[in-house]
Each structure stands twice: as C-alpha cells, then as structure tokens.
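The block underneath contains the structure these notes are about, expressed in structure tokens.
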Amino acid sequence: MPSFLTPDFGLLFWMLIAFLVVFGILAKFGFPAIINMVEERKKFIDESLQSAREANEKLANIKAESDAILKEARQQQSQILKDATAMRDKIIREAKDKAASEGNRILEDARLQIEAERDKAKRQSREEVADLSIKIASQVIARNLQQDEEQVAWIDRMLDELTATKQSQQ
Amino acid sequence: MKQRIKHTILTLGMVCLMALVPFRVMAAHEGGQEEINVQELVMEHTSDAHDWHITTINGRHISIPLPVIVKSSQGWQVFMSSRFSESADGVYRGLYLNEDGKVCEKNAAGEEHRVLDISITKNVLQLWIVVTLLLVIFLYCAHWYKNKRPEDDAPRGFVGIIEMLVMFVYNDVIKETLGEKHYRKFAPYLLTAFFFIFLSNLLGLIPIFPGGANLTGNIAITFFLALCTMLLTNINGSKHYWKDIFWPDVPWWLKVPIPIMPIIELFGVFTKPFALMVRLFANIFGGHAVAISLTCVIFITCQMGVAKGAFISPISVFLMIFMDFLELLVAFIQAFVFTMLSSVFIGLAVQGGEEEHSVEISK
C-alpha cells in the first residue's frame, strides 16, 4: 500500500492531542460565548418586537380611550350648556312672572288707593255740595220768601252755576 | 468601464510576466539538469516530511528542520531532522529516512523496519498552527463578547464573519439535521470539526510556510475525524438504531437462515465513516496534486522547447488560477459536507425511534 494511504501513528497521536485540546477549549470557552450571545440577542430582538407591538396596541387603546373621554366631555359640555340655558330661561321666566305679578299688585294697590281717594273726594264734594246746598238753601230761605219771581230766577241762576261747575269738573 | 479595461490589461500583463518566469528558471537550470519527475514532485509536496521544505536555490534545499522524536531499539531519541542531512550517509544514531521519508532502522539481520515515531513533522507543526489559529480566533471572539450585552450592536468585521459562520453551521446544519432535542449535545464537536477542516483546507492553499502542508489531505487526519464521528454515532445510537441494524424491517427470509440484511447493515456502520474519511482526504489530496501538476506542466513544456513553453504556460497559469479559486470553494464545501454528513449520521442514530413514533401518532 502506498505510504500516503497508511495513517501515520505519530500524526494520529498528535492529532488526538491537538483535536482534544482545541475541542475542549472551544467547547467550553469558544462556541458557547458566541452562540449564547446570538441566541440572547435573538431573544432580545423578539422581546423588543413583542413589546413594541404591545406598546402600539396600548397606544391605540389610549387613543380610543382619549377619544371616548373627549366625546364624553363634549356630551357633558353640551348637557351642561343645555341645562344652563334651561335654568336661565326658567329664572328669566320666573323673574318675569314675579315682576308681572308684583306690577299687577302695585297697580292694584294704586287703583285701590285711587278709588279710595276718589271715593273720599266724592264724599268730600258731596259734603261740600250738601254744605253749599244748605248754605244756598239757608240764604234762599234768609232772602225770604218775599219775592217769588226773584227767588225763582235766583235759584235758576244758582242751579246753572252749580251745573256749570259740575260740568267743568267732569 | 475605462478602469475595468485598464484592470484587465494589467492582469493580462501580470499573467504574461508570470509565464516568462519559467524561462529564467530554465535558464538557471541550463546544462542538462535532472528531468522533472512529476509523480515524485507531487508526492513530495502532498506527503508528510521531517523538515519543512521552503525552496531550492541552485540545487541547495532550504528547509526548516523539525524535531524528530522516536523510540528506536536504543530507547527514546530526540534530535533535529537536520542531523540526517548533515551526516554524510544520512544515518544518525543508526536511524535514517527511507524513500518514503519515514524514520527507519535496521535490525541485526539487516532488515529495514520503522520505529515508533511521534516526531513533530511538517503536518504535526501545521496541525499545531491550525490549533493555535483556531484558539486565537475563537478566544478573541469570545473575549469580544465578554463585556457585551444582548442589546448591544451585533459585531462587525472579523468577529461578525466568525459569528455568521458559526451561526450558519449551528442553525442550518446542526439544528436542521439533528433536531431540536439533540443538537446541543453534539454542536461543539461538529463546530470544532467544521472549523478545523475549513481552516486546515485554507492554510493548505497558501503555498509558503505558515501554510502549505497537506493536512486534511492526509489520511491520518481524516481517519481520526471519521473515527470521532463513528464513535459518536455508535455510542449514542438509540435502541431503534441498533434494531435497524440487527433486525431491520425487511421480509424474514432476508434475515433468518442467512442474515444478509444484518450483515449489510453492519457493514454500513463502517462504510459510512469510511466514506467520510476518503471523501475529505481524496478531495484535498487531489486538489493539491492537480495544483502541483499544473505548475509542473510549465516546467515540462519549457524543457521541451521555448516555443511550446511560451504557448502552454499562459494556459497553465490560467488553469492554476482557476484551480485555486476552485480549491477555495472546495475548502468550504468539504468542511461543510463533512460536518453535515457527520451531523446526519449522528442524527439518524440518536433520533431513529422518535420519528417513527411521531409518524405513528400523526397517522
């Protein structure tokens, strides 16, 4: 057999030692360092992707939530405005009603007073008329019943005067 | 475009210059020196040696002497291989190198026999260079990772390439073929084998000192690697694996009176790693042999005549460049194939039963 086809013992011996040395050292210190780091990096990237996805989802949720809150706030705002308008209208109406009733009352009071005043004035004028009548009557009586014609004319004149004053009064 | 044309012209010029080099060499060798023996040259360059030959100037060999460690009839002996060439008859302390370059001695009857030899030969030195480089490369990478956290940037440059290669072998070869359950256990061996073979192949392509030895093209190295795979396969073989060998699922008459199938299967246990051993050895050995042969073509054609030499040399140089690129590819492919097949063999042995089980369940 040609020499290049027969394994040399010496080379085999050294190969055994060299390969075991390199295998032992690389298996312990060489490959694990590289492989572990790559796998950890892979895990880290996976986790990062996962958390990014979660963050995106959370962000979308937050947006929806804020939209909902905004919507609710807007609803509340319009509700409040509506309530306020209603309240204002109510207050105004009540004020108006109150003012109207107050005015009516005042008017009524005034009317009553006026009426009272008028009654009083009427009463007074009546008393005066009565007084005057009595005076006139007494004067007439005093002027005596001497001159009938004269008397009648005088009474007529008196009555005319009275009527005139009455008319002017009215 | 202009740059490209310039580049092409420059390359062509270089090739022509390289083609002219042999003429100078021939001129130096003028005067009827020895004929070029291609077979001898190829064997010299591809086989192991006790010194590391660098070059020959004017018939003087320049080489790095390496230590010889042998156990002869006189006990253990350690000396530099240059002692052989220094002594007049090439014999030192009764030891000499035979025509294969192995250390031999003669017994009392004058018969040549080899001695127990654990010398630091060219291949052993290359082996330790590969081991040192592997350790430097991977411990440097491991050191680079030491103070890094997973959230730091991925490595760039050299560490990045190593990481890419490691993860390629780890994910696409080991994990794929061994399955989720077993891959962690065998990954260190397979990765070590891959990078050992790959780096040895690459260093084998460098023609001068720190590389150039034909390490993975040496049968002892591939024998050892194949033996490792075989041991791992059979030691970790599942019950199902052994049942498939001694009592495979075939008609009974193939196994009862004459156990034809079990014999074939048992034979397969040894042929699989044998194929691993021969494939790697033959590919790398062949690559080296072709590269050296193509170099020899230049010298041979120049010996036959200047015109022939001038015509053939550029073609040969072109082929050599092509071969070198091809060998670069082969360096990777053979490392990959060895690792993948080892992984497949181990995978088939360790997980045989579970697959069938899972198939049954899925039915």
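So, R0 is 45 Å and r is the distance between the beta-carbons of A:LYS28 and B:GLU112; what FRET efficiency does that work out to, to 0.05? Walk me through the intermediate numbers first.
Working: r = 45 Å, r/R0 = 1.00.
Result of the calculation: an efficiency of 0.50.
Which of the listed residues, B:ILE284, A:GLN113, B:LEU341, is farthest toward the dipole's positive end in the protein assembly as shown, when Lys, Arg count +1 and Asp, Glu count -1 at the beta-carbon?
Looking along the dipole axis, the top candidate is B:ILE284.
How tilted is helix B:2-29 with respect to the longest principal axis of chain B? Cα atoms for both, answer in degrees (0 to 90, nearest 10).
With both axes taken from Cα atoms, the answer is about 60 degrees.
Less than 12 Å Cβ to Cβ from A:ASN61, Lys/Arg counted +1 and Asp/Glu -1: what total charge do the surrounding residues give? Walk me through the numbers on the way to the answer.
On the way: positive: A:LYS58, A:LYS63; negative: A:GLU54, A:GLU57, A:GLU65, A:ASP67.
Net charge in that neighbourhood comes out at -2.
Which FRET efficiency value, to the nearest 0.05, is calculated for A:LEU107 and A:SER133 with the Förster distance at 35 angstrom and r the Cβ-Cβ distance?
Working: r = 37 Å, r/R0 = 1.05.
The computed FRET efficiency comes out at 0.40.
Please give every one of the lysines within straight-line cross-link reach of A:LYS96, meaning a C-alpha to C-alpha distance under 27 Å, and leave out same-chain neighbours fewer than 8 residues apart.
A:LYS82
Provide, for q = 0.12, 0.16, 0.23 Å⁻¹, the log10 of I(q)/I(0) from a solvent-free Debye sum over equal Cα point scatterers in the stretch B:219-295.
-0.49, -0.69, -0.99
Normalised by the number of residues in the stretch B:67-119, what is the relative contact order in percent for Cα pairs under 8 Å and 6+ residues apart?
35 percent
Roughly how big is chain B's charge dipole about its Cα centre, with Cβ charges of +1 (Lys, Arg) and -1 (Asp, Glu), in debye to the nearest 20? The partial results should precede the final answer.
Values: 27 positive and 31 negative charges, 158 e Å.
Using only the charged Cβ atoms, the result is roughly 760 debye.
Quick query: amide H of B:SER72 versus all other amide H atoms, modeled in the peptide plane; which residues come in under 5 Å with a sequence gap of 5 or more or a different chain?
Sorted by chain and number, the residues that satisfy this are B:GLN77.
Give me D for the protein assembly as shown in µm² s⁻¹, whole number, from Stokes-Einstein with Rh from the Kirkwood sum over alpha-carbon pairs, 20 °C and 1.002 mPa s.
Stokes-Einstein gives a translational diffusion coefficient of 64 µm²/s.
Could you tell me what % of all Cα pairs in chain B have separations over 28 Å? Don't skip to the end; give the middle numbers.
Numbers: 39941 of 65703 pairs.
Cα-Cα pairs of chain B separated by over 28 Å account for 61 percent.
Quick check: net charge around B:GLN126, other residues with Cβ under 14 Å of its Cβ, Lys/Arg +1 and Asp/Glu -1?
-2
Using the basic label-point model (7 angstrom from Cα toward the beta carbon), what is the A:ASP97 to B:LYS308 distance in nanometres?
13.5 nm
Sort the stretch B:119-193 into rounded, prolate or oblate with this rule: let a ≥ b ≥ c be the square roots of the eigenvalues of the Cα gyration tensor; rounded if a/c is under 1.5, and if a/c is not under 1.5, prolate when a/b is larger than b/c, oblate otherwise. Each step should come with its number before you reach the end.
Values: a/c = 2.58, a/b = 1.25, b/c = 2.07.
Because a/c hits 1.5 or more and a/b fails to exceed b/c, the stretch B:119-193 counts as oblate.
Given the rule -39500 (n - 2.57) for each run of at least 4 DSSP H residues, summed and divided by the residues of the protein assembly as shown, what is its mean residue ellipticity at 222 nm, to the nearest 500 deg cm²/dmol? The partial results should precede the final answer.
Numbers: 13 runs with 386 residues, N = 533.
The per-residue figure over the protein assembly as shown is -26000 deg cm²/dmol.
Around B:SER293, what is the net charge, scoring Lys/Arg as +1 and Asp/Glu as -1 over all other residues with Cβ under 14 Å from its Cβ?
Values: positive: none; negative: B:GLU40, B:GLU44, B:ASP324, B:GLU327.
Result for the neighbourhood of B:SER293: -4.
Show log10 I(q)/I(0) for the stretch A:29-169 at q = 0.09, 0.14, 0.16 Å⁻¹, two decimals, from a solvent-free Debye sum over equal Cα scatterers.
Normalising to I(0) and taking log10 leaves -0.72, -0.94, -1.02.
With charges set only on the Cβ (+1 for Lys and Arg, -1 for Asp and Glu), what does the dipole of the stretch A:29-169 come to about its Cα centre, in debye to the nearest 20?
Roughly 680 debye for the stretch A:29-169.
Going by Cα centres, the stretch A:1-55 and the stretch B:253-316 are how many Å apart?
Measuring centre to centre over Cα atoms gives 29 Å.
For each pair in B:LYS146/B:LYS185; A:LYS28/B:LYS181; A:LYS42/B:LYS185; A:LYS42/B:LYS239; B:LYS122/B:LYS146; B:LYS185/B:LYS255, compute the distance between the two Cα atoms and list the pairs where it is over 30 Å. Walk me through the intermediate numbers first.
Numbers: B:LYS146/B:LYS185 23 Å; A:LYS28/B:LYS181 20 Å; A:LYS42/B:LYS185 21 Å; A:LYS42/B:LYS239 36 Å; B:LYS122/B:LYS146 36 Å; B:LYS185/B:LYS255 34 Å.
Table pairs above 30 Å Cα-Cα are A:LYS42/B:LYS239; B:LYS122/B:LYS146; B:LYS185/B:LYS255.
A short reminder: the numbers here are calculations on the coordinates, not readings from a lab. All figures in this text were calculated on a predicted structure; none of them were measured in a lab. Cβ: placed from backbone, ideal geometry, glycine included. Neighbour counts: every protein chain shown.
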